[in-house]
Structure formats: structure tokens, C-alpha cells
1. Quote the charge dipole size of the chain about the Cα centre in Debye, to the nearest 20; the model charges only the Cβ of Lys and Arg (+1) and of Asp and Glu (-1).
2. What percent does the relative contact order of the stretch 8-345 come to when contacts are Cα pairs within less than 8 Å and at least six residues apart?
3. Can you list residues from other chains, or at least 5 along the same chain, whose modelled amide H is less than 5 Å from the amide H of Phe96?
4. Could you list which residues have their amide H under 5 Å from that of Gln273, counting only those 5 or more apart in sequence or on another chain, with H placed in the peptide plane?
5. Can you find, among Ala238, Gly215, Ser112, the residue sitting farthest towards the positive end of the charge dipole of the chain, where Lys and Arg contribute +1 and Asp and Glu -1 at Cβ?
6. Can you figure out the FRET efficiency of Asp165 with Asp53, using R₀ = 35 Å and their beta-carbon distance, to the nearest 0.05?
7. Any idea what log10 I(q)/I(0) is at q = 0.07, 0.10, 0.11 Å⁻¹ for the chain, Debye with uniform C-alpha scatterers and no solvent?
8. Please list 294-303, 333-342, 192-201 highest first by mean number of surrounding beta-carbon atoms within 10 Å per residue.
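Read-outs throughout are calculated quantities, based only on the coordinates presented, and are distinct from any laboratory measurement. Nothing here was measured: the structure is a model prediction, and the numbers come from that model. Cβ coordinates were reconstructed from backbone atoms using ideal geometry, including for glycine residues, and neighbour counts include every protein chain displayed.
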Amino acid sequence: MTTSSISPGQKPKLLSVLDGQTAERPPVWFMRQAGRYLPEYRAVRATEPTFIDFCLNPEKAAEVTLQPMRRFPYDAAIVFADILLIPQALGQKVWFEAGEGPKLGELPSIESMAELTGQAGQALGAVGETLSRVRAALEPDRALIGFAGAPWTVATYMIEGGSSDRSGARTFAYLNPDKLDRLIQVLVDATVDYLAMQARSGAQVLKLFESWAEGLSEPQFERLVVKPHTAIVEGLRAKGVTTPVIGFPRGAGTLVETYAKIVPVQGVALDTQASAALGQSIQKTKTIQGALDPLLLRAGGDALLARVDQLLEQWSGGPYIFNLGHGILPDTPIAHVEAVLARVTGK
């Protein structure tokens, strides 16, 4: 399997940079670039009664994936989906409460979930259809990104039944190490199957969102983040999937250097606390992505443009993808997004 079926002259800038090349200007895309800050997104979202139904409707998910590509000069689209689709594919009830976020039902037995890991891609085939629709509509010089929630982050929701400060899941990890390890392995296997399906469906880049890497001790970080991520990339390669992978261990602090050295990803996404020196160190061996603060994007003004210039100056000497350190906030003014993209792309 190749990362792309397009000719070399049409190769998206994002893929070249993930190959380790330094671009004349960095490619740019934003996490949650398809979302509630866009009125056209809100209009489509209002047509579906539940968020899960919305994610699993290929026509509507493809439409909202493409909306920011029509409006802004992004170099890549990221498929509209959610990190909690895998628990549903494994038999756990998942729903979203207005104003409260995700809710999950009782954790199924490890044995019952293990029987479903090889069917995760098939169970979530709607996401594959979304990818195929987007790839067919997207210009060949703009990349398409697929993604999954990383095992530890997904496990925290599965264990706690929703959003929290993760203390319950971290305590569970200490009290039930064998059960957690088996759950993590189930999620590794399901994620490999799910991401391989996405690559077959048109994803040219795959991203692992480890949204809750913060607060882990070094041994726990190695156990719950480094090892599972390594296993996922190796599992994809064993299936013949050569698609580049970006890993995002958000909140890992200086442990992100350990991550970059060990995990065989092609890109490492950095959060808002990443220093210039940290990024430059990782750039010696990996492509980096990030780390504009979404709060600053929302605030706008001279401070925003000054920070954009600073990030470009400190990291454009190596392989770098311009992005946020987390997702666009729902109340972010569109004009602020336009201003940043104009600064980065000149368009």
C-alpha cells in the first residue's frame, strides 16, 4: 500500500514534510478545523439527532470535512469522526449529553471485546466511506488525514464512563495492572484494524490522539503511551500499511523527547507548552507539528501574529507542520483563523 496514488508532481506538501523534507513554507492544518466555529458546520450538525449518528453518516461527515477546505487555504483535511467510535465498535454504549460531553455505559468484558478487535474497521466502515468521498472531492495537492484515539486516552473514557480529571483511570491502572494491560492490548488490536481500513479508504496520513498523556509518571508513560503507540505502528506496518503516522502525546512535557526517540512515528505533534529547543531537538530525527495556543487564536490581535511569526522562525529550519497545540475552540472568530493562515501561507 502506498501513502498516495497521486503523481510526484501533485504530492501534497504535508507528505513531503513527513518524509523529512524542509518546505519553503510549512504545510498548515488545524485540529478541529471542521467544527462549531463555522456556521456551515452548525447548519449540517443540526440535521442529525445525535453526535454519533452524525459521525457515522458518510455524506454529512464528508461535507463538514470539506467545509473548511473550501473556506481556507489548509494543506490537509482531517476526516470528521470522533475518538470514541472504537468503544462503540467493541460493544460499549457511547452517547453524548448536551453540555456534558461523552457518556459511556458499563465496560464490557475484556473477552467479549477481544473477539471484536479484528472487526473494528468493518464495524466503522462508515468512516471509510467518508474518507473515500472526501478523497474523491479533494484537490490532489491537499492531503487527507485519518485518525484514532490512542489506547490510553480511549481507555480512560471507557473506565470512567465519560470526561473527568482522569484520576479514576490512573488509579485503576495502579490497582488493576493486568486488567488494564489486557484492555490496552484490545484497543491496540482494534486501532490497528481501524486505521488500516482508513488507509485503504484514502487516508494519506494517520494520527494518534493521546489527549490525556499528562500527569503520567515516566514508567506509566512508557507502559501506557510509548509501548501501545509503538505496537500500533508496527501492527500497521505488518499489514503492509506504509502510510505515515503522526503521534500526539499531549501534556507529556519533556517525556515527548523519549516518545520521539522510541516510537516509530514519522511526525510528533507538540502541545502549547513545547519550547523552541524541544522542537528543534526532535526535528533532528522527526517532523514536528504544533504548537499554537488555541486560546491565543481565539483572543487574536498583535500577540497572535507575533506568536505565529515566532513559531515560524524557530522551527521552519527543519521539517515542520504548522498547527495548534490542541483543537480550535467553538467561539473562535473566523477572522482570526484567516489572519493566521494568511501569515503562514501568504494567501
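1. Dipole size: approximately 660 debye.
2. It comes to 21 percent, rounded to a whole number.
3. Excluding prolines and chain starts, which carry no amide H, the hits are Phe51, Ile52, Lys103.
4. Long-range HN contacts for Gln273: none found.
5. Looking along the dipole axis, the top candidate is Ala238.
6. Working: r = 29 Å, r/R0 = 0.83.
E between Asp165 and Asp53, to the nearest 0.05, is 0.75.
7. For the requested q values the scattering log ratios are -0.26, -0.55, -0.68.
8. Numbers: 294-303: 14.8, 333-342: 16.4, 192-201: 23.6.
Output ranking for 294-303, 333-342, 192-201: 192-201, 333-342, 294-303.
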